[in-house]
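The values are calculated or read from the model by the stated rules, or taken from the named source; none is laboratory data. This structure is a prediction, so every number in the text was calculated from the model and none was measured. Neighbour counts run over all protein chains shown; Cβ positions are idealised from the backbone, glycine included.
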Amino acid sequence: MGLEALCTFIVDGSSERGKARLEMDVLQLRGENLKLSVPFRQMKKVAAADGLLSFISPHGQVVLKLGAAAAKWAEKIVHPLSRLQKIGVKPEWRTAALAIDDQEFLQELEASVAFLSVGRTVRNCDAIFFGATRAAQLTRLEKLKKSLKPNGALWVVRPKGRPEISEAAVMAAGKAAGLVDVKVVSLSPLYTAEKFVIPIKSR
């Protein structure tokens, strides 16, 4: 999950107070009169000093008054974790991926784990990545859970900003399947992944 703070930010000389959110590869600023998303790759001269995070963007100079958190935000911008690092992928993992359209992600995953089954589940998975574009597809979660190791994780990968499959629908489906949600990762500019696990008392 990204970092988030209520703070004052200055964009090209205009100051506003609102919400700043740091995702996997983009900084989002949301104020009453300003909505801005700046990908890390478009930031130059990123620096943190005296509680201020500053950088040059296509929109001009941006300064965020973050206090003690400024250095941490700057570090994450300059040295962002890869999406596999955020997921916590381990080389010994046994995994499955179903209905995942992101071929680049599948290639990264296959190169990083001991075993990957694409298109069908296998027993005793450390992680299952399940792609869904409609809430009706989430009824499969309970069945997919049976293919997990007791401490395994079921990741629901869904497109961002699609009313057909909202975050609330995913969370409700996970709960109905006897799972608990523990993490959200921005998998790409197009996809979000929610992590579910079997409750400890049920393992």
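Restricting attention to the range 44-71, report how many residues are assigned to a strand (DSSP E or B) and aliphatic (A, V, I, L, M).
So the answer is 10.
Can you tell me which residue among Lys90, Lys65, Lys44 is within 17 Å of Thr8 (Cα to Cα) and modelled with pLDDT of 95 or more?
Lys65
Can you tell me how many residues within the range 71-88 are free of Cβ contacts under 8 Å to residues at least 40 places away in the same chain and closer than 17 Å to Gln28 by Cβ?
1
Under 7 Å between Cβ atoms, which residue pairs at least 6 apart in sequence (or on different chains) link something in the range 47-63 that is at positive phi and in contact (Cβ under 8 Å) with a residue 24 or more places away in the chain with a partner that is buried (at least 17 other Cβ atoms within 10 Å of the Cβ) and part of a strand (DSSP E or B)?
Gly60/Val11
If you take just the strands (runs of 3 or more DSSP E) that sit entirely in the range 127-202, which of them hold at least 3 residues that are farther than 18 Å from Arg83 by Cβ?
The qualifying strands (runs of 3 or more DSSP E) are 148-159.
Against the condition in contact (Cβ under 8 Å) with a residue 40 or more places away in the chain and in the same structural domain as Ala153 (by TED's automatic domain parsing), how does Ile10 come out, does it pass?
no
So, of the residues in the range 98-126 that are in a helix (DSSP H, G or I) and touching a strand residue (DSSP E or B) at 6+ places or on another chain (Cβ under 7 Å), which turns out to be surrounded by the fewest Cβ atoms within 10 Å (Cβ to Cβ)?
Glu110
Pairs needed: first member in the range 89-103, in the same structural domain as Lys149 (by TED's automatic domain parsing) and of a type in the set (Lys, Arg); second member anywhere, assigned to a loop (DSSP other than H, G, I, E, B) and surrounded by 14 or more Cβ atoms within 10 Å (Cβ to Cβ); C-beta distance under 9 Å; at least 6 residues apart or different chains.
Close Cβ pairs (under 9 Å, with a partner that is assigned to a loop (DSSP other than H, G, I, E, B) and surrounded by 14 or more Cβ atoms within 10 Å (Cβ to Cβ)) amount to Lys90/Val113; Arg94/Val113.
Taking the stated definitions as given, is Val38 more than 19 Å from Ser186 (Cβ to Cβ), surrounded by 17 or more Cβ atoms within 10 Å (Cβ to Cβ), touching a Ser or Thr at 6+ places or on another chain (Cβ under 9 Å) and not assigned by TED's automatic domain parsing to the domain that holds Leu187?
So Val38 does not fit the description; no.
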